[in-house]
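Notes follow the structure.
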Amino acid sequence: MESKPTMTTSNLVLPKKPTGLKRFAMKLLEQRVLVLMSIPFLAWLFIFKYMPLWGWTIAFQDYKPAKSFGEQKWVGFDHFQFLFQDERFIRVLRNTLAMSGINLVLGFVTAITLALLLNEVRKVAFKRIVQTVSYLPHFISWVVAASIIQTTLSPDGIINEMLLWFGFLEKGEEILFLGIPEYFWGIFGAGSVWKDVGWNTIVYLAAMTMIDPAQYEAAEMDGAGRIKRMWYVTLPGIKPVIIVLLIMNIGYLLESGFEPQYLLGNGMNIDYSENLDIFVLKYGIAQGNYSLSIAGGMFKTIISFILLFAANNLAKRMGESRLF
Amino acid sequence: MTKKLLFICMAAFMVITAACSNNNNGGDTKTSNSTNTPKETAAEETTKPVEKVTFSYFNGVAAAKDTNSNETTIGKILEDQTGVNFKIEHLVGDLNTKIGTMIASNAYPDVMLPDAAIDKILDAGAFIALDDLIEQYGPNIKRVYGSYFNQMKAEDGKIYFLPFSNTVGEYIPDPNINQGAFWIQRRVLKEAGYPEIKTLDAYFDLIKNFVEKHKDEDLTGMVSLTHDWRFFATSNPPNHLAGYPNDGNVIVDMTTFDAKTYAADDNTKRWLQKLNELNADNLFDKASFVDNYDQYLAKLTSHKVVGFFDYGWQFSNAQNALKDAAKQDPTQDDFVYFPLPVTFDGQKDQYLDPPGFVKNRGLGITKSAKDPARIIQYLDNLLTDENQILQRWGIKGDTFEVDDKGRMYRTAEQIVKIDESFNEKFGFKYYSWNWPLYGNGSSLPDGNSVAPGLQPEVFQMSLTNEDKTILEKYGVKTYAELFAAPDDRPWYPAWGIPKEQGSEQQIWETKKDEITKKYFPKLVLAKPADFEKVWTEYITAFGKLDTAAYESWTTTEVKKLIEAAK
């Protein structure tokens, strides 16, 4: 990060560019203000992001809070073994990946579609209303949202009532939506979309305003209709944003969320609703087995790390814009 | 295990509510003579001019306004006696998080009551051993807890905290049903002519007939609570139906004292099969398996649910709402729920709690405490007869009266006066539980109940005319009389046996919960023809757990407790 003015000055004063350590020291001196300004942030990064990594050692111990570090019993990979050998782990991992996958795909498709549609709306008042209405659920906590979903789906809820009314069901045959394990992912997906679709459009709408209007005019002159303009102008225009968001989200693939699964899950749908976070909560934190929870957390971090780099690399190879 | 904790909190709540709601009882003017040695200490204390100190006290169970103990009437009197004030802090938010933070920072309040997280606190070595302090400063603690010392000792033989469920004096049973029972709307009994219901079949027939007769009312025959850790309201009944009290996951044989789990035995099968039949007849609310606790309570207050099994403390919010409505309008009494001692075949029921001793909850002094001696003296001073009366009954002439026979009671005005805000100001809210005390069911030397709520005179006064009518129809004076007296079970409750964090037993319980939560709904909602098939699936899944190890561990612990109680 050399700054231009520095370069010129040094060139003027010293015709021969200093090299190595000397050059570094000089630069440091010249940019001391910048360096000073960055120190607090480096310290913050170090204290809050790197120091806690020390805590990973807990995963390799039979950790007891009362004992000092030296007194802890080291158990190697025992906790990882417990985690990976448990037959439920595969199931829990499957649920985690499936639910984040659903979230990722549905989230992207719906948010981009809604943003495209909103972008085409010419009546400002209508656009504002749609935006406000679709943002609203984002601000409800999951606790409330889960209650709404539960009530809607209960045997005497509105969905069953409607099915009865249209004659799809007989009285007494009401469907226990949350009691059918296979439905859970669908309910989760629909719930997440309802809650977050409006919010997710914001960034795309912002990206769309950056597109040069001349492109639209040119397309129109060439005889492109609305759909064609959306397809050939708007979408390519926001492609970089989409890719960057996609890469970031892939890094979060093991974070399928905690609250919706915890709140909507029950004994009947546990085979499909229990994800990694709930599993760790149940067998780690709730039992005071901190080591196991750390092992679970480590596993998640490492996988996320790998996924993030893989996605970024892929984008690089495909010649697309990327994160770093 | 969370449920156990909850039990305890609830128990605490009940006591508090009971203490506040009932009033009248007779009095104990003369109680003081029994108080014994401690008086001397107390006297000494008062004569010496003592320096005033303030300690911090953390309460992980109850929810109340944080305060200084000397801002309450009771606390002020105690401060005058001892010079000690407590800054009382209550839990806000999640207990485990709060306790976890304390452990991580290694800074604790002077005195604390970690409730469900007590294992973590003990694991962290946060409590100091009390033995020497009790020896030196605790004559009353010795008198009140002495017979329990064996049970209170940790593995290293030391005592780290004082539990609350000790009994002092003669045992006085609770006239209300705060524990398990099969409940039914009073109108059902009224319509059927107050029949005696002893068996599960009779109970279900009663529900069935009533729903059939009232087809137009859109009634629900039965619901069941399954939400989260409260699932035991659905998984415990087989144990009660077989004639055992709530020992958690096990039935303890009364002759061999072997602990056997019942989650997959014939009792459970029989119970679930009955529910399955009920469901096939459209009398069982399917939504029971997806509803949360709030939805469940809402259903109970909707007047539509005819019957259910639950523990009194667990649905007391709903029952109190129904009772309040009935007080305003006697016709609403129809919808109040009445407890029935139902068993499979009419064998002797054991719904009432035997005088048990919960060993894994209590109050301890932490290693952060500056002056443990002052604290233990304060705690010891609480355990005199006079101060127990002060803590539970209040001040004579103000919050209770004593008649010429020495019975303590409360006048109607006093009853009205003692409401929630009075409780806070006076200190009942902070002192009637969560301190070393004479536990529930204890009595004073003159025979008065320590807890106003358990004083028969107080209970009688709280009854409405309708309550009296229905009790009279069954020929009893209290609800508890409907039930058989509890047998002596020195280990009770077996769920209160402390388990180590992350131990095999805890993991067994977690896994068992998971399996039962998954299969019980399937079993109940299956087509009756498929029941056997699903049951086999369930047994296979359950068979993977190391149940034998859990049972033998529990058996060993139970036997230890029997030994300790001898």
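The values are calculated or read from the model by the stated rules, or taken from the named source; none is laboratory data. Because the structure is predicted, anything quoted here is derived from the model rather than measured. Cβ placement follows ideal geometry from the backbone for every residue including glycine, while neighbour counts extend to all protein chains displayed. Accessible surface areas use protein heavy atoms only, side chains included; no ligands, DNA or RNA. Shrake-Rupley method; radii C 1.70, N 1.55, O 1.52, S 1.80 Å.
The residues listed here are A:PHE166, A:PHE177; of these, the one that is free of Cβ contacts under 8 Å to residues at least 12 places away in the same chain, of a type outside the set (Ser, Thr, Tyr) and either surrounded by 15 or more Cβ atoms within 10 Å (Cβ to Cβ) or away from chain B (no Cβ under 14 Å) (or both) is A:PHE166.
What do you reckon, is B:PHE127 more than 19 Å from the chain's Cα centre (by Cα), among the aromatic types (Phe, Trp, Tyr) and within 14 Å of chain A (Cβ to nearest Cβ)?
Spelling it out, B:PHE127 is indeed more than 19 Å from the chain's Cα centre (by Cα), among the aromatic types (Phe, Trp, Tyr) and within 14 Å of chain A (Cβ to nearest Cβ).
Name the one entry in A:ASP212, A:ASP156, A:ASP222 that is open to solvent by 60 Å² or more (accessible area, probe 1.4 Å), within 14 Å of chain B (Cβ to nearest Cβ) and out of contact with any helix residue (DSSP H, G or I) (no Cβ under 6 Å at 6 or more places or on another chain). Step by step, each of A:ASP212, A:ASP156, A:ASP222 is checked, and only A:ASP156 is open to solvent by 60 Å² or more (accessible area, probe 1.4 Å), within 14 Å of chain B (Cβ to nearest Cβ) and out of contact with any helix residue (DSSP H, G or I) (no Cβ under 6 Å at 6 or more places or on another chain). Does any residue of region B:542-553 turn out to be among the hydroxyl-bearing types (Ser, Thr, Tyr), over 28 Å from A:SER291 (Cβ atoms) and out of contact with any strand residue (DSSP E or B) (no Cβ under 7 Å at 6 or more places or on another chain)? No: region B:542-553 contains no residue that is among the hydroxyl-bearing types (Ser, Thr, Tyr), over 28 Å from A:SER291 (Cβ atoms) and out of contact with any strand residue (DSSP E or B) (no Cβ under 7 Å at 6 or more places or on another chain). Taking region B:109-148 as the range and being aromatic (Phe, Trp, Tyr), at pLDDT 90 or above and open to solvent by 20 Å² or more (accessible area, probe 1.4 Å) as the test, only B:TYR137 passes.
For region B:103-144, residues that are part of a helix (DSSP H, G or I) and touching a helix residue (DSSP H, G or I) at 6+ places or on another chain (Cβ under 7 Å) total 13.
Which helices (runs of 4 or more DSSP H) sit wholly inside region A:11-105 and have at least 1 residues that are in contact with a Pro (Cβ under 9 Å, 6 or more places away or on another chain) and either surrounded by 10 or more Cβ atoms within 10 Å (Cβ to Cβ) or within 14 Å of another protein chain (Cβ to nearest Cβ) (or both)? Fully inside region A:11-105 and qualifying: A:20-30.
In contact with a Leu (Cβ under 9 Å, 6 or more places away or on another chain), under 28 Å from A:LEU104 (Cβ atoms) and surrounded by fewer than 20 Cβ atoms within 10 Å (Cβ to Cβ): is that true of A:SER192 in this structure?
No, not satisfied.
Close contacts from region B:281-308, counting a first residue that is within 12 Å of chain A (Cβ to nearest Cβ) and in contact (Cβ under 8 Å) with a residue 12 or more places away in the chain and a second that is open to solvent by 40 Å² or more (accessible area, probe 1.4 Å) and not aromatic (Phe, Trp, Tyr), with Cβ to Cβ under 6 Å and a gap of 6+ residues or different chains, come to B:ASN292/B:HIS227; B:TYR293/B:HIS227.
Kindly establish whether B:THR469 is more than 16 Å from B:ASN249 (Cα to Cα), free of Cβ contacts under 8 Å to residues at least 12 places away in the same chain, among the β-branched types (Val, Ile, Thr) and within 14 Å of chain A (Cβ to nearest Cβ).
Values: more than 16 Å from B:ASN249 (Cα to Cα): yes; free of Cβ contacts under 8 Å to residues at least 12 places away in the same chain: yes; among the β-branched types (Val, Ile, Thr): yes; within 14 Å of chain A (Cβ to nearest Cβ): no.
No; evaluated as a whole, the condition is false for this residue.
Among the residues of region A:240-280, those that are surrounded by 23 or more Cβ atoms within 10 Å (Cβ to Cβ), farther than 14 Å from A:GLY179 by Cα and among the aliphatic types (A, V, I, L, M) comprise A:ILE247, A:LEU276, A:VAL280.
Of all residues in region A:159-187, those satisfying the criterion of being of a type outside the set (D, E, K, R), touching a helix residue (DSSP H, G or I) at 6+ places or on another chain (Cβ under 7 Å) and over 15 Å from A:MET268 (Cα atoms) are A:ILE159, A:LEU169.
Does B:SER316 satisfy the criteria of being within 25 Å of the chain's Cα centre (by Cα), more than 13 Å from chain A (Cβ to nearest Cβ) and of a type in the set (Ser, Thr, Tyr)? For B:SER316, the condition - within 25 Å of the chain's Cα centre (by Cα), more than 13 Å from chain A (Cβ to nearest Cβ) and of a type in the set (Ser, Thr, Tyr) - is met. Annotation note: of B:PHE459, B:PHE531, the sole residue that is part of a helix (DSSP H, G or I) and at pLDDT below 95 is B:PHE459.
Going through B:ASN320, B:ASN360, B:ASN267, B:ASN246 one at a time, which residue ends up being outside any helix (DSSP H, G or I), open to solvent by 10 Å² or more (accessible area, probe 1.4 Å) and either at positive phi or not β-branched (Val, Ile, Thr) (or both)?
B:ASN360
Under 25 Å from the mean Cα position of the chain (by Cα) and either in contact (Cβ under 8 Å) with a residue 60 or more places away in the chain or over 30 Å from A:ARG91 (Cβ atoms) (or both) - does that describe any residue in region A:227-235? Yes, because at least one residue in region A:227-235 is under 25 Å from the mean Cα position of the chain (by Cα) and either in contact (Cβ under 8 Å) with a residue 60 or more places away in the chain or over 30 Å from A:ARG91 (Cβ atoms) (or both). Among residues of region B:506-519 that are facing chain A (nearest Cβ under 9 Å) and farther than 12 Å from B:ALA263 by Cα, those with a beta-carbon under 6 Å from a residue that is in a helix (DSSP H, G or I) and open to solvent by less than 10 Å² (accessible area, probe 1.4 Å) at least six positions away or on a different chain give the pairs B:GLN506/A:GLN287.
Residues that are touching a strand residue (DSSP E or B) at 6+ places or on another chain (Cβ under 8 Å), crowded, with 24+ Cβ neighbours inside 10 Å and of a type in the set (Phe, Trp, Tyr): does region B:389-403 have at least one? Scanning region B:389-403 turns up at least one residue that is touching a strand residue (DSSP E or B) at 6+ places or on another chain (Cβ under 8 Å), crowded, with 24+ Cβ neighbours inside 10 Å and of a type in the set (Phe, Trp, Tyr). For region A:225-311, the helices (runs of 4 or more DSSP H) that sit wholly inside it and include 1 or more residues that are within 14 Å of chain B (Cβ to nearest Cβ) are A:259-264, A:270-273, A:276-283. Helices (runs of 4 or more DSSP H) fully within region A:106-190 that include at least 2 residues being within 25 Å of the chain's Cα centre (by Cα) and small (Gly, Ala, Ser): A:142-153.
In this structure, is B:ALA548 part of a helix (DSSP H, G or I), surrounded by fewer than 14 Cβ atoms within 10 Å (Cβ to Cβ) and of a type in the set (A, V, I, L, M)?
Numbers: part of a helix (DSSP H, G or I): yes; surrounded by fewer than 14 Cβ atoms within 10 Å (Cβ to Cβ): yes; of a type in the set (A, V, I, L, M): yes.
Considered against the rule, which asks whether it is part of a helix (DSSP H, G or I), surrounded by fewer than 14 Cβ atoms within 10 Å (Cβ to Cβ) and of a type in the set (A, V, I, L, M), B:ALA548 comes out as yes.
Entry remark, region A:132-150: residues being within 14 Å of chain B (Cβ to nearest Cβ) and surrounded by 13 or more Cβ atoms within 10 Å (Cβ to Cβ) number 7 in total. Restricting region B:87-102 to residues that are away from chain A (no Cβ under 11 Å) and in a loop (DSSP other than H, G, I, E, B) leaves a set whose member that is farthest from B:GLN377 (Cα to Cα) is B:GLY93. B:ILE172 passes every criterion in (1) surrounded by fewer than 22 Cβ atoms within 10 Å (Cβ to Cβ); (2) β-branched (Val, Ile, Thr); (3) not in a loop (DSSP other than H, G, I, E, B) apart from (3). Somewhere in region B:476-498, is a residue within 14 Å of chain A (Cβ to nearest Cβ) and touching a residue at least 60 places away in the same chain (Cβ under 8 Å)? Looking through region B:476-498, at least one residue is within 14 Å of chain A (Cβ to nearest Cβ) and touching a residue at least 60 places away in the same chain (Cβ under 8 Å). Considered as a group, the residues in region B:197-212 that are within 16 Å of B:LEU275 (Cβ to Cβ) and among the charged types (D, E, K, R) include one that is surrounded by the most Cβ atoms within 10 Å (Cβ to Cβ), and that residue is B:LYS208.
I'm told B:LYS215 meets every condition in (1) open to solvent by 30 Å² or more (accessible area, probe 1.4 Å); (2) more than 14 Å from chain A (Cβ to nearest Cβ) except one. Can you identify the failing condition by its number? Tallying (1) open to solvent by 30 Å² or more (accessible area, probe 1.4 Å); (2) more than 14 Å from chain A (Cβ to nearest Cβ), B:LYS215 fails exactly one: (2).
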